[in-house]
Amino acid sequence: MKIQFKINGQAQTVDVDGKTPLLWVIRDLLGLKGTKFGCGKAACGACTIHVDGNAIRSCSYAVKFAEGKEITTIEGLSDGDNLHPVQQAWKEEIVPQCGYCQPGFMMATAAMIEKIPNPTDEDIDNNIINICRCGTYTRMRKAIHRAAEIKNNNA
Amino acid sequence: MLESTFNAIHIFSAIMKKNALVLLLLFLFVAGMNIPPISDSLADAPTQSSTVEPAPQATPFDVMTQVLTHQRCLNCHPAGDRPRQGDESRVHSFNIQRGEDGHGMLNAQCSSCHQSENNNFSGVPGAPHWHLAPKSMAWEGLNRIEIVQVMLDKGKNGGRSLEEIEKHLTEDPLVLWAFDPGVNNEGLPREKPPVSKEEFIKAVKQWVAEGAVIPAK
């Protein structure tokens, strides 16, 4: 079936089985490799993207549900050369270790600070539910607070 | 003559030996059957003048509550702020919480993972408007009578009338998902309620038509 959506601001039409996970379409059809495959069970969050501004596990999201939606991946997070506040904060706090899960965490954080501009530690615990095998949680917590600060200062 | 007499005796003897063996085997078989004493059997046997109580048939209430008390329903009617999941009703992984409206936390919504249909690749279940029942409709820890009392209590059920409850139970795709719950994250089918969707719908309609009576026990 043909499915149309916007991804990182660009209109796209794909012709695939509607049950194909959106992650497969993003990585294998559209060649955007920044979004990672982790567990394939919507558990770890490595595949987190935005669909209409909401954090979504793309490994468990049939592409047919993307019809008419606006999708953002890690490649579309920055505004051209201007890094997104989350990207700036991640650099400042030197968050990644192996880095594999980080795009998912960054996308989840970017969605959260749109909805919760000044997240508390409790907000972070309740809303960032991804998994990092390297255990970078402490640095991520700092970076999330910093990202919110940068975003609020830019506003 | 002597020879023919001897032959006759020999044949007779062989037949008797064979019959004795048959009788012995028959005795051993009967002895092993653990048949109750004849007097007891006679005492229990129905007579033409007495009536035997038939096994009680499941009432529409019984059938309906077999579904309402199943984990496919209870998992999303928790008493606390954490959904349950799985056939063993464990607390939902990943610190998933109810949120203000039962749809999860602001950035960890049910719809982050659950779509409007089952995803049998990932094993994530899905149905339209996937969310938790409100806390006032908590069923966790209640018995079947208490569950139905809560279900009919307009102060707890969101002001729903009996007709609306009947519609919710028999038509809401989120409720009826229980009968088509897909596979879990290991690709194994989730357990379904012990009665079919058709039996459940029929029982609910009949229970409502007969006055939605809640039995004393």
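Read-outs: derived from the displayed coordinates by stated rules, not from any lab. Quick caveat: nothing in here was measured; it's all calculated off a predicted structure. Glycine also receives a Cβ, built like all others from the backbone with ideal geometry; neighbour counts cover every protein chain displayed.
Which of these, A:ASN54, A:ASN127, A:ASN82, has the largest mean-square fluctuation under a Gaussian network model of chain A (Cα springs below 10 Å)?
Looking only at A:ASN54, A:ASN127, A:ASN82, the biggest GNM fluctuation is shown by A:ASN82.
Taking R0 as 25 Å, what FRET efficiency do you get between A:GLU92 and A:ASN54 from their Cβ-Cβ distance, rounded to the nearest 0.05?
Values: r = 26 Å, r/R0 = 1.06.
According to the calculation, E is roughly 0.40.
Given the pairs A:LYS69/A:LYS115; A:LYS41/B:LYS197; A:LYS41/B:LYS192; A:LYS91/A:LYS142, which are separated by over 23 angstrom at their Cα positions?
Checking Cα-Cα distances, A:LYS41/B:LYS197 exceed 23 Å.
Only sites in a loop by DSSP and with at most 14 other Cβ atoms within 10 Å count here; which trypsin sites (Lys or Arg not before Pro) in segment A:1-87 make the cut?
Numbers: sites: A:LYS2, A:LYS6, A:LYS19, A:ARG27, A:LYS33, A:LYS36, A:LYS41, A:ARG57, A:LYS64, A:LYS69; in loops: A:LYS19, A:LYS33, A:LYS36, A:LYS41, A:LYS69.
Listed in order of number, the matching sites are A:LYS19, A:LYS33.
How large, in Å, is segment B:60-209 by the Kirkwood hydrodynamic radius built from its alpha-carbon pairs?
On the way: mean 1/r = 0.0637 Å⁻¹.
Every distinct Cα pair counted, the radius reaches 15.7 Å.
Using only the alpha-carbon atoms, how far is helix A:137-154 inclined from the longest principal axis of chain A? Give it as 0 to 90 degrees, nearest 10.
90 degrees
Determine, from the Cβ-Cβ distance of B:HIS168 and A:LYS2 and an R0 of 35 Å, the FRET efficiency 1/(1 + (r/R0)^6), rounded to the nearest 0.05.
Numbers: r = 36 Å, r/R0 = 1.03.
For B:HIS168 and A:LYS2, the calculated efficiency is 0.45.
How high is the FRET efficiency from B:ASN95 to A:GLN10, r the C-beta distance, R0 41 Å, rounded to 0.05? Please report the intermediate quantities before stating the final value.
Values: r = 35 Å, r/R0 = 0.85.
The formula returns an efficiency of 0.70 here.
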